[in-house]
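The values are calculated or read from the model by the stated rules, or taken from the named source; none is laboratory data. Computed from a prediction, not measured in an experiment: that's the story for all the values here. Don't worry about glycine lacking a Cβ; one is built from the backbone with ideal geometry, like all the others, and counts go over all protein chains shown. Side chains included, ligands, DNA and RNA excluded: accessible areas come from the protein's heavy atoms. Shrake-Rupley method; radii C 1.70, N 1.55, O 1.52, S 1.80 Å.
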Amino acid sequence: DQLFRNPQPRGSLLMCIAGPPVGGGTAFASTELSESNLPPELIDSLRDKVLVMSYAHHNAACKRSTPSYPLLTAEQRAKYPPITRPLITRAQANGEEVLNCFNSSVMAVLPSTAPPLQPDEMEHYETTGEKHDSVEELYSTVLPLLTAQSYVHQWEPGDVVIWDNERCVHAATWYDSEKYAREMWRTTFR
C-alpha cells in the first residue's frame, strides 16, 4: 500500500465492516523473490528497473473506474510529488529481496539508466491515470507467476487482517457491487 509515500508505510491493516456473501475477498501473495515462481533469468532482468509513481496518478487511476473518486488538488500534488523507487529492494524485517511494484500509484517501469519521464509525460500520467506501456508489460509477465501461490481471505464483519507492505501484495476480488455492499476500513503504519 501507498508506495508513493516516502518513507513507504511498513504495514497495513484492513477491517471488514460489511461484506458481500459471495466474492469481495482480498487475495494476498508474497513478494519475496525466494518464495516466488519467478525464473532466475526474469529476476535478473528486473534488477536494474525503477518504478515511477505518484499519489496523483493513484487517484487519477482510481477515478477512471470510480468517477466520484477525487483528484488531488495542486497543493496536495506539491506535497506528494512523484518518486522513483527500485523495483527490487530488501525487506526491513528480514533482508530478503522483494518486488515493490504492484500498486495503483505506479505509472512507469524504467531501466535505472533511462532518462526521467518528461514533464508533459508525467503530467499526462498524473492527470489521466493512464500507465506507461512498461507497467502492463511488467504486470502481465510477473503477476501471474508471483500470485500462483496466494491466499484469499473471505471477509466476515469484524475480521481484521494485518500485513507487511514490503513482503506482500494484495487485491480485492470481484463481487456484485450493484447487489451487495462492501465497506472496509484501512490504515497504514510505519
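Please tell me if residue 142 is of a type in the set (Val, Ile, Thr), assigned to a helix (DSSP H, G or I) and out of contact with any Pro (no Cβ under 9 Å at 6 or more places or on another chain).
Working: of a type in the set (Val, Ile, Thr): yes; assigned to a helix (DSSP H, G or I): yes; out of contact with any Pro (no Cβ under 9 Å at 6 or more places or on another chain): yes.
The answer is yes for residue 142.
Quick one: would you say residue 152 is within 19 Å of the chain's Cα centre (by Cα) and open to solvent by less than 30 Å² (accessible area, probe 1.4 Å)? Even if it seems obvious, please write down each step before you answer.
On the way: within 19 Å of the chain's Cα centre (by Cα): yes; open to solvent by less than 30 Å² (accessible area, probe 1.4 Å): no.
No.
Take residue 150 and decide whether it is among the polar types (S, T, N, Q) and in contact with a His (Cβ under 6 Å, 6 or more places away or on another chain).
On the way: among the polar types (S, T, N, Q): yes; in contact with a His (Cβ under 6 Å, 6 or more places away or on another chain): no.
For residue 150, the condition - among the polar types (S, T, N, Q) and in contact with a His (Cβ under 6 Å, 6 or more places away or on another chain) - is not met.
A quick yes/no check of all residues on (1) farther than 20 Å from residue 171 by Cβ; (2) touching a residue at least 12 places away in the same chain (Cβ under 8 Å); (3) open to solvent by 20 Å² or more (accessible area, probe 1.4 Å); (4) among the basic types (Lys, Arg):
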| residue | (1), (2), (3), (4) |
| --- | --- |
| 35 | no, yes, yes, no |
| 55 | no, yes, yes, no |
| 82 | yes, yes, yes, no |
| 93 | yes, yes, yes, no |
| 104 | no, yes, yes, no |
| 119 | yes, no, yes, no |
| 132 | yes, yes, yes, no |
| 137 | no, yes, yes, no |
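When the residues of the stretch 16-33 are narrowed to those that are farther than 19 Å from residue 98 by Cβ and either surrounded by fewer than 14 Cβ atoms within 10 Å (Cβ to Cβ) or aliphatic (A, V, I, L, M) (or both), which ends up farthest from the chain's Cα centre (by Cα)?
Filtering first and then ranking leaves 21.
Kindly establish whether residue 145 is touching a residue at least 12 places away in the same chain (Cβ under 8 Å), surrounded by fewer than 18 Cβ atoms within 10 Å (Cβ to Cβ), in contact with a helix residue (DSSP H, G or I) (Cβ under 9 Å, 6 or more places away or on another chain) and hydrophobic (A, V, I, L, M, F, W, C). If you could, list the steps in order and put the result at the bottom.
Values: touching a residue at least 12 places away in the same chain (Cβ under 8 Å): yes; surrounded by fewer than 18 Cβ atoms within 10 Å (Cβ to Cβ): yes; in contact with a helix residue (DSSP H, G or I) (Cβ under 9 Å, 6 or more places away or on another chain): yes; hydrophobic (A, V, I, L, M, F, W, C): yes.
For residue 145, the condition - touching a residue at least 12 places away in the same chain (Cβ under 8 Å), surrounded by fewer than 18 Cβ atoms within 10 Å (Cβ to Cβ), in contact with a helix residue (DSSP H, G or I) (Cβ under 9 Å, 6 or more places away or on another chain) and hydrophobic (A, V, I, L, M, F, W, C) - is met.
Search the stretch 151-168 for residues that are basic (Lys, Arg) and pair each with any residue that is part of a loop (DSSP other than H, G, I, E, B) when their beta-carbon atoms are under 8 Å apart and the residues are at least 6 apart or on different chains.
Correct list of pairs: 167/31; 167/91; 167/93; 167/94; 167/96.
So which of 113, 127 is assigned to a loop (DSSP other than H, G, I, E, B), among the β-branched types (Val, Ile, Thr) and farther than 27 Å from residue 35 by Cα?
Values: 127 fails: assigned to a loop (DSSP other than H, G, I, E, B).
Of the residues listed, the single one that is assigned to a loop (DSSP other than H, G, I, E, B), among the β-branched types (Val, Ile, Thr) and farther than 27 Å from residue 35 by Cα is 113.
If residue 100 satisfies all but one of (1) closer than 25 Å to residue 174 by Cβ; (2) buried (at least 17 other Cβ atoms within 10 Å of the Cβ), what's the number of the condition it fails?
(1)
Quick one: in the stretch 155-186, of everything that is open to solvent by 70 Å² or more (accessible area, probe 1.4 Å) and β-branched (Val, Ile, Thr), which residue is farthest from residue 36 (Cα to Cα)?
Among residues in the stretch 155-186 that are open to solvent by 70 Å² or more (accessible area, probe 1.4 Å) and β-branched (Val, Ile, Thr), the one farthest from residue 36 (Cα to Cα) is 160.
Taking the options 175, 139, name whichever one is at pLDDT below 95, out of contact with any strand residue (DSSP E or B) (no Cβ under 7 Å at 6 or more places or on another chain), under 17 Å from residue 46 (Cβ atoms) and not polar (S, T, N, Q). First the steps, then the outcome.
On the way: 175 fails: under 17 Å from residue 46 (Cβ atoms).
Exactly one residue qualifies, and that residue is 139.
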